[in-house]
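The values are calculated or read from the model by the stated rules, or taken from the named source; none is laboratory data. Nothing here was measured: the structure is a model prediction, and the numbers come from that model. Glycine also receives a Cβ, built like all others from the backbone with ideal geometry; neighbour counts cover every protein chain displayed. The accessibility values were calculated without ligands, DNA or RNA, using every heavy atom of the protein model including side chains. Shrake-Rupley method; radii C 1.70, N 1.55, O 1.52, S 1.80 Å.
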Amino acid sequence: MSKNQELADFIWSVADLLRGDYKRSEYGKVILPLTVLRRLDCVMAPTRQAVWDRAASYTGENKDGLLLAASKLKFYNLSEQTFDTISSDAANVAKNLKDYIRGFSSEATEIINRYEFHLQIDRLDNADLLYQVVRKFAGLDLSFEAVDNHDMGYVFEELIRKFADASNETAGEHFTPREVIELMVELLLAPDDDRLNGEGQVVKILDPACGTGGMLSAAEEHIRKLNPRVRVNLFGQELNAESYAICRSDMLLKGHTAKNIRFGNSFSQDGHDGETFDYMLANPPFGVEWKKVEKAVRQEHEDRGFDGRFGAGLPRINDGSLLFLQHMMSKMQPLKKDAAGDEVGGTRLAIVFNGSPLFTGGAGSGESEIRRWIIEHDYLEAIVALPDQLFYNTGISTYFWIVTNRKPADRKGRVILLDARDQWTKMRKSLGEKRKEITRAQIGNICAIYRDALSIASDEAHPDHGRVKVFANRDFGYQRITVDRPLKLRFELTEDSLAQLGTSAAVKKAVGGEAVVELLLAALKPLLGSQWSTKAEAWDALQTAMVARGVLWPSAAPFQKALRDAVGVTDPEGEVQLIKGKPEPDPDLRDNENVPLSEDINEYFAREVLPHVPDAWIAETRNPKTKEMERFKPGYEIPFTRHFYVYTPPRPLTEIDAELKSLEAEIQALLGEVTNG
């Protein structure tokens, strides 16, 4: 790490040359593309002459394949310029640098163009800075021998973090802490050691919010440790242009097919439409709204349903986390039977969320319906709670969701909850919001507990009972019932009642205009202060008074409702109001109860509700989709914290009293010193 930090600090020192001509928030526009260009320049050095010779000896068309073979890389450069020649000609540095960039093969050119570095070349040249900056980078050795791809990833991440801090951006949108990635990858691959060790294995991995590619690289590295002979194909998509360019250049340097890294918004521009993968992992931005792509997402949801990516439901507009999960799940490989009858195919995926997707949204909401679809189809394998203050851009608690469509028979119908919130070590120096890290030993401990949990049938059988709980899928479901109680009213006429009648549009329309309303109010005024126990008594008195002054009694429902709203007063001892012979529900007393899926709602209602409110009943509501009446709505939530809550009894009163007396004595002593002094 010290070597990586030293290298990043050296590159950052180039910013000293930019100070004054560039704002701090603009440093990355120069340093990041130049770091990529210098890296490409250094790794091309061993085969550069071979590429030039091959280009000179072959005059035909379509020589791209020959030049790639000569370069022994996934790219090449035909320009006769290098960082050495560019930095040795101060008078022509801008011309030579542009010529050098134009010499790259198409794959590398597409990456470099994302930085729009041509704009910075002219700006640096006009400020007489270009030569100095290029000369700095020319002295930097970024060859494979000096800096391997793993360390180069650290360098890029450290630079992005520094630039994000300088411009008040969120570094966490671009990359994830390495120890978090390592833990996620190990949990994702935990049950698949045997599966990955076979001969001729080809593995496809996707990260739809890949940032600089750290998760993809870590997954590949872990798999190759298990089986060096396995072929790993990496795929990704990224919205941030600079992160995309870094990730794609990293894939290019490692010999991967760089075009598998796509640019754009995964929701509106699915870069891997129709493809499926063996493994997927992602750390999408937390709590980011999806309003910009709302039209495309809603249209796909409504037009394609489960044939598209978002059939299970749409979350609220201010958090697209569960859209990412659905997007990934749409790319799971289907399970099939091989010749021996064994299941093959399928997918495992891991994703980082904050706490919101666990419980946000009540029964029938988009979030609840998505959770319901995932759990009822037995896709959810586990949720792992992580420590807070683990990420660069947020101090909140985070969770891994591990999802698969190939649970073995002994794990079907069960979900593992693993509490790793106490597995952390305090950092010596904070990085943004990141004040904690997970050590290698702690990663090993968490993974060991997880592997044990994969083999048990219930939490009672687990040796680490306090940290792991295993639940049946149904344990997270509930039936949300609406409990109604009757509307009970007494009736009285007050000044407020008359004022309300005088301003009611329904009353004015029913009686025939403003003038008649005045007559009505005058007719009722002698009854001010009158009270009635029943609606019949009240209506008889009010009607008699109105008719006596020549005001007709409207029978229209709007008038009757407006009159009742004006003179009716809720009262627990009042008269029960009826609609078609049945009690009318009081909207102010309406309540909801979540009944576990394992219980009968009538039995629950009789046991938990009726003893307290014997006049209550379960309301029926109309389902907006089926148009049928229903007595409950199914819902799903995962109350992780509640399941791991440990009651801490309050301190004894004698202990608190003794502490207060001690503090009082201490304060008195201090006051005495002040007085005596």
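Once a ≥ b ≥ c are taken as the square roots of the eigenvalues of the Cα gyration tensor of segment 521-666, is the result rounded (a/c under 1.5), prolate (a/b larger than b/c) or oblate (a/b not larger than b/c)? Note, shape of segment 521-666 comes out oblate. Based on alpha-carbon centroids, what's the gap between segment 43-88 and segment 263-282 in Å, whole number please? Spelled out, the Cα-based centre of one part sits 33 Å from the other.
Sorting the segments 664-671, 77-84 by their mean number of nearby beta carbons within 10 angstrom, highest to lowest, gives 77-84, 664-671.
Computed from backbone phi, the HN-Hα couplings of segment 352-363 come to 9, 10, 7, x, 4, x, 5, 9, 4, x, x, 4 Hz, rounded to whole numbers (Karplus: 6.51 cos²θ - 1.76 cosθ + 1.60, θ = phi - 60°; Gly and Pro given as x).
When you count the other C-beta atoms within 10 angstrom of each residue and take the mean per peptide, 312-319, 88-95 line up highest first as 312-319, 88-95. Taking the three principal axes of the alpha carbon atoms in the chain, the coordinate ranges are 114, 90, 65 Å, sorted in descending order. Computed on protein heavy atoms with a 1.4 Å probe, the accessible areas place Thr482, Thr648 in the order Thr648, Thr482, largest first. With the simple model of a label 7 Å out from the Cα in the direction of the Cβ, Glu659 to Thr109 spans 7.2 nm. Amide H to amide H distances under 5 Å link Thr394 with Glu433, where only residues 5 or more positions off or on other chains count and H is placed in the peptide plane. Using C-alpha pairs under 8 Å with a sequence gap of at least 6, the mean separation divided by the residue count of the chain gives a relative contact order of 10 percent.
Taking a point 7 angstrom from the Cα of Ile667 along the C-beta vector, which residues in segment 637-656 have backbone N less than 19 Å away? Under 19 Å, as judged by backbone N against the label point of Ile667, lie 654-656 of segment 637-656.
Dimensions of segment 192-275 along the principal axes, based on C-alpha atoms and rounded to the nearest Å, stand at 37, 27, 17, largest first. Taking other residues whose beta carbon is less than 13 angstrom from the beta carbon of Trp617, and scoring Lys, Arg as +1 and Asp, Glu as -1, yields -3. Here each label is just a point 7 Å from Cα along the line to Cβ, and for Arg19 and Glu495 those points are 7.3 nm apart. Between Leu119 and Arg229, the modelled labels are 5.1 nm apart [label points 7 Å from Cα along Cα→Cβ]. Per residue, the accessible area of the chain comes to 49 Å² when a 1.4 Å probe rolls over the protein heavy atoms. For segment 287-299, backbone phi angles converted through the Karplus equation (6.51, -1.76, 1.60; θ = phi - 60°) give residue-by-residue couplings of x, 9, 6, 10, 4, 5, 10, 4, 4, 5, 5, 5, 5 Hz, Gly and Pro being listed as x.
Normalising the average separation of contacting C-alpha pairs (under 8 angstrom, six or more residues apart) by the number of residues puts the relative contact order of segment 263-323 at 35 percent.
Close amide H pairs (under 5 Å, H built 1.01 Å from N) link Gln237 with Asp207, Ala209, Cys210, Arg262, residues at least 5 positions away or on another chain. Extension gain, Thr675-Glu302: 0.36 nm per intervening residue step, less the Cα-Cα distance, totals 126.4 nm. Give the aspartates and glutamates whose C-alpha is closer than 12 Å to that of Lys136, dropping any in the same chain fewer than 8 places away, or say none. Cross-link targets: Asp16, Asp84.
When the trypsin sites (Lys or Arg not before Pro) in segment 1-83 are filtered for DSSP coil states and for at most 12 other beta-carbon atoms within 10 Å of their beta-carbon, the remaining sites are Lys23.
Summary of packing: across the peptides 221-227, 609-615, the per-residue average of other C-beta atoms within 10 Å ranks them, highest first, as 221-227, 609-615. Backbone amide hydrogens, once placed in the peptide plane, bring Ala382 within less than 5 Å of Ile402, Ile416, excluding anything fewer than 5 places away on its chain.
Apply the Karplus parameterisation 6.51 cos²θ - 1.76 cosθ + 1.60, with θ equal to phi minus 60°, to every residue of segment 447-456 and state each ³J(HN,Hα) to the nearest whole Hz, in sequence, with x for glycine and proline. Working through the residues one at a time gives 5, 5, 4, 5, 4, 4, 5, 5, 9, 10 Hz.
Ranking Trp290, Trp532 by solvent-accessible area of protein heavy atoms (1.4 Å probe, all protein chains present), from largest to smallest, gives Trp532, Trp290.
Of the listed residues His301, His256, the order by accessible area with a 1.4 Å probe, largest first, is His301, His256. Working from Cα pairs under 8 Å separated by at least six residues, relative contact order for segment 373-519 is 20 percent.
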